[in-house]
Amino acid sequence: EQLVESGGGLVQAGGSLRLSCAASGRTSSNYAMGWFRQAPGKEREFVAAISWSNSYTYYADSVKGRFTMSRDNAKNLVYLQMNSLKPEDTAVYYCAAATLAGTPASGYEYDYWGQGTQVTVSS
């Protein structure tokens, strides 16, 4: 399974960005998908996850109400719509895939990772 993120960039506080993750490989639609982020000097943290069936999503408290995760299984794409961005959202954002049901929130539960896309929010 190969994952490629795109859509990162520089945005002012209060602005929006939409990240995309293109998945390729066998039965991509059967994976739970997640977004994680890592800021300089900090550990990687969970952002959001979506179940393979697209029925359930789960968000970190820090992004709940601002970020929305979705997926298009027909196109093997996963999205993270980020609104009302804050400077503390600045990080490298990673897409990940897990051969699990549900919405796993631990990085250890994910089997495949993308290379990341930089998001910078200026104040």
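Read-outs: derived from the displayed coordinates by stated rules, not from any lab. All of these numbers come straight from a predicted model, not from anything done at the bench. Every residue, glycine among them, receives a Cβ derived from its backbone with ideal geometry; neighbour counts consider all protein chains shown.
Side notes on the structure shown:
- Here region 47-78 is scanned for amide nitrogen atoms under 16 Å from the site 7 Å beyond the Cα of Ser106 along Cα-to-Cβ, giving 47.
- Relative contact order for region 1-87, counting Cα pairs under 8 Å that sit 6 or more residues apart, in percent: 33 percent
- Modelled label positions at Asn83 and Ser16, each set 7 Å beyond Cα in the direction of Cβ, lie 0.6 nm from each other.
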